[in-house]
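Participant: Sharing a structure here in structure tokens format.
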Amino acid sequence: MANLESAIDCGFWDQSISTPKTLEGSAKTVPGEPFPLDGARASKALRIQQLSLLKNGFPLGIIPSMSPPSHKDLGSFSLHSLLLRPSTSNWWLGLIGQFRPKKLISAIKTELQSADELELPVFRDAAKHFLDKSLYSIALATQLSLSPSTSLLWSTERQGEKKGYRNKFKIYHQLPDHDITLDAAWPELFIDHKGKYWEVPESISLDMSSLPSDSGFLYRFGLHKNSGPPQAFNELDGEAPAALMPGLCAKVALSYQKSKDIWRQKETKEDLIIKTDKGSFWRPSYDVRLKEPHAAISGIMGVTCAAWFGKDSTNVESQREDSILTSNNKRRPLNADLFGSACYTLQHGQFRKLYGDLTRVDARLDICSLSSFAKRVFKGSSADKSLLSPRLNLIFQQQVAGPIVFRVDSKLLLDSKAGKRGPHIEDVIYSLCYSLRLLRSGKVVAWYSPKRKEGMIELRLFEF
């Protein structure tokens, strides 16, 4: 069913969204904002791990992506490739390269068209355009397993058209019933619910979260520190979200999740084995998480409590030569709120046959701040309606042929727009998925977001 854990994850600083803006392939969501589309959540596999497998299915191991650059002459289209990946039993190192061909092609075309005769000096001048540093980006990452339950990850990347490096450091430790994560980045890239990107000069998080249990209870505790004023990424100006302003925050969240089947057709041995004239063959589902037709309802409800320490900078105007960042949002030192989601799922088919064996619909209603929503309903609050209103997330999946599935993720804002009452589409993502039966629940996903004008190809494991 639709991912309900987004409800609790959205309150913290470590939920990742897929984006080709970085070579790492992800950006963080802004805490406290509306839940993102399920189809936008970043893969659990690292980008280098994805490219290591994806390169086997693409010519020369080159994977395309699309994302608007900071300079329009570079073009949105880019090519990614894994250049190097040495490894041992507990360590690996990866080098990713990116190339944007549009500017190079345009420059060479102009060079050749302006020449009276195609002589050697003309080709020499055209070849110099290959040395333009803005065409290339590079990222280096390494992971070391200190023990079976502890791993360390470090990465750095340099965008060709930008100055400076983007650095990340992460330590992950797994306990019997909890996960502990220390995450640091300088700078860190965030994306808000409007699709705008923000860079925070320094971001450090320490989180402890419980693992899913049969009881349905989940809880998280985290400390987070932002340093430096956030800057709009590839934008001239903008109003920075209050959660990204400098300060130290301690936050705790507790939630209860429950699901119940209305009906379910259990998998049988007859489903797994088919008999033909040539004998019996084993035929599992293309995805073990889509193997049983069913209808189900589920829900999650929880509470978050946050405390901010240090100087409140949310009302301070920061002016720079290249940006003007202001925020009129009040960030209260102490804050508590309720959140919740309710979901209905209907699936037809077992996703085994070549055609017509999977149609699935998920409908999830999200309320990220129950107190703010209630205040607006009963008191007519004039705050940003787009933050307070509930959202309806709809996911439609349809088998095209064999392991190929077409998927649409859409988010409806249940509020007015431009003076007109009624729901309207706030975001949508189109995806084409190729399920890998050998991975049990793995798939190659090619997605496109019209709102962000971005698209990329990913490997996702045990995800919907």
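Participant: Would you be able to tell me the number of residues in the range 229-272 that are aliphatic (A, V, I, L, M), assigned to a loop (DSSP other than H, G, I, E, B) and closer than 30 Å to R289 by Cβ?
Facilitator: Number satisfying all stated conditions: 0.
Participant: If you don't mind, another one. Among (1) over 27 Å from G455 (Cα atoms); (2) in contact (Cβ under 8 Å) with a residue 40 or more places away in the chain; (3) surrounded by 16 or more Cβ atoms within 10 Å (Cβ to Cβ), where does L144 come up short?
Facilitator: The failed condition is (3).
Participant: Let me ask another. Looking at the range 114-141, which of the residues that are free of Cβ contacts under 8 Å to residues at least 60 places away in the same chain and outside any helix (DSSP H, G or I) is nearest to R47 (Cα to Cα)?
Facilitator: Filtering the range 114-141 for residues that are free of Cβ contacts under 8 Å to residues at least 60 places away in the same chain and outside any helix (DSSP H, G or I), the one nearest to R47 (Cα to Cα) comes out as L140.
Participant: So, one more: For the range 174-201, enumerate the residues that are assigned to a strand (DSSP E or B) and open to solvent by 60 Å² or more (accessible area, probe 1.4 Å). Give the steps one after another, and end with the answer.
Facilitator: The first filter runs over the range 174-201 and keeps only residues assigned to a strand (DSSP E or B), leaving 174, 178-186, 188-191, 197-200.
Of everything in the range 174-201, those that are assigned to a strand (DSSP E or B) and open to solvent by 60 Å² or more (accessible area, probe 1.4 Å) turn out to be Q174, L182, W186.
Participant: Checking the condition within 30 Å of N393 (Cβ to Cβ), in contact with a Cys (Cβ under 9 Å, 6 or more places away or on another chain) and either open to solvent by 20 Å² or more (accessible area, probe 1.4 Å) or not polar (S, T, N, Q) (or both), which residue from P64, P68, P36 passes? Break it down stepwise before answering.
Facilitator: On the way: P64 fails: in contact with a Cys (Cβ under 9 Å, 6 or more places away or on another chain); P68 fails: in contact with a Cys (Cβ under 9 Å, 6 or more places away or on another chain).
Going through P64, P68, P36 in turn, the sole match is P36.
Participant: Name the one entry in I17, I48, I96, I8 that is open to solvent by less than 20 Å² (accessible area, probe 1.4 Å), touching a Gly at 6+ places or on another chain (Cβ under 8 Å), aliphatic (A, V, I, L, M) and closer than 22 Å to R166 by Cβ.
Facilitator: Numbers: I17 fails: touching a Gly at 6+ places or on another chain (Cβ under 8 Å); I96 fails: touching a Gly at 6+ places or on another chain (Cβ under 8 Å); I8 fails: closer than 22 Å to R166 by Cβ.
So the residue among I17, I48, I96, I8 that is open to solvent by less than 20 Å² (accessible area, probe 1.4 Å), touching a Gly at 6+ places or on another chain (Cβ under 8 Å), aliphatic (A, V, I, L, M) and closer than 22 Å to R166 by Cβ is I48.
Participant: Mind counting the residues in the range 60-82 that are without any contact (Cβ under 8 Å) to a residue 24 or more places away in the chain and farther than 13 Å from I457 by Cβ? Step through it out loud before you land on a result.
Facilitator: Taking the range 60-82 first, the residues without any contact (Cβ under 8 Å) to a residue 24 or more places away in the chain are 60-62, 72, 79.
With the extra rule that they be farther than 13 Å from I457 by Cβ, the set shrinks to 60, 72.
Final tally of qualifying residues: 2.
Participant: Being polar (S, T, N, Q) and either surrounded by 13 or more Cβ atoms within 10 Å (Cβ to Cβ) or in a helix (DSSP H, G or I) (or both) is the requirement here; does S89 meet it? Working first, answer last.
Facilitator: Numbers: polar (S, T, N, Q): yes; either surrounded by 13 or more Cβ atoms within 10 Å (Cβ to Cβ) or in a helix (DSSP H, G or I) (or both): no.
It is false that S89 is polar (S, T, N, Q) and either surrounded by 13 or more Cβ atoms within 10 Å (Cβ to Cβ) or in a helix (DSSP H, G or I) (or both).
Participant: For the range 264-278, what are the residues that are open to solvent by 70 Å² or more (accessible area, probe 1.4 Å) and aliphatic (A, V, I, L, M)?
Facilitator: If the condition is that a residue be open to solvent by 70 Å² or more (accessible area, probe 1.4 Å) and aliphatic (A, V, I, L, M), then I273 is the only one that fits.
Participant: Now for a separate question. Please pick out the residue among K353, K379 that is open to solvent by 40 Å² or more (accessible area, probe 1.4 Å), of a type in the set (K, R) and modelled with pLDDT under 85. Outline the logic, then answer.
Facilitator: Values: K353 fails: modelled with pLDDT under 85.
So the residue among K353, K379 that is open to solvent by 40 Å² or more (accessible area, probe 1.4 Å), of a type in the set (K, R) and modelled with pLDDT under 85 is K379.
Table: residues versus (1) among the charged types (D, E, K, R); (2) surrounded by 15 or more Cβ atoms within 10 Å (Cβ to Cβ); (3) within 20 Å of L153 (Cβ to Cβ); (4) within 34 Å of the chain's Cα centre (by Cα).
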residue	(1), (2), (3), (4)
K72	yes, no, no, yes
L84	no, no, yes, yes
R100	yes, yes, no, yes
V122	no, yes, no, no
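Participant: Quick one: which residue in S134, S155 is more than 19 Å from the chain's Cα centre (by Cα) and closer than 25 Å to L84 by Cα?
Facilitator: On the way: S155 fails: more than 19 Å from the chain's Cα centre (by Cα).
The conditions single out S134.
Participant: Let me confirm something: among F309, F339, which residue is modelled with pLDDT of 75 or more, within 27 Å of F233 (Cα to Cα) and of a type in the set (F, W, Y)? Full working, then the answer.
Facilitator: Working: F339 fails: within 27 Å of F233 (Cα to Cα).
Sole residue among the options that is modelled with pLDDT of 75 or more, within 27 Å of F233 (Cα to Cα) and of a type in the set (F, W, Y): F309.
Participant: Something else: Of everything in the range 1-48, what is among the hydroxyl-bearing types (S, T, Y) and assigned to a loop (DSSP other than H, G, I, E, B)? Give them in sequence order. Steps first, answer last, please.
Facilitator: Here is the first cut: in the range 1-48, the ones among the hydroxyl-bearing types (S, T, Y) are 6, 16, 18-19, 22, 26, 29, 43.
The answer is T19, T22, S43.
The values are calculated or read from the model by the stated rules, or taken from the named source; none is laboratory data. Since the structure is predicted, the reported quantities are computational estimates derived from the model, not experimental observations. Don't worry about glycine lacking a Cβ; one is built from the backbone with ideal geometry, like all the others, and counts go over all protein chains shown. Just the protein is used for accessible areas: all its heavy atoms, side chains included, with ligands, DNA and RNA removed. Shrake-Rupley method; radii C 1.70, N 1.55, O 1.52, S 1.80 Å.
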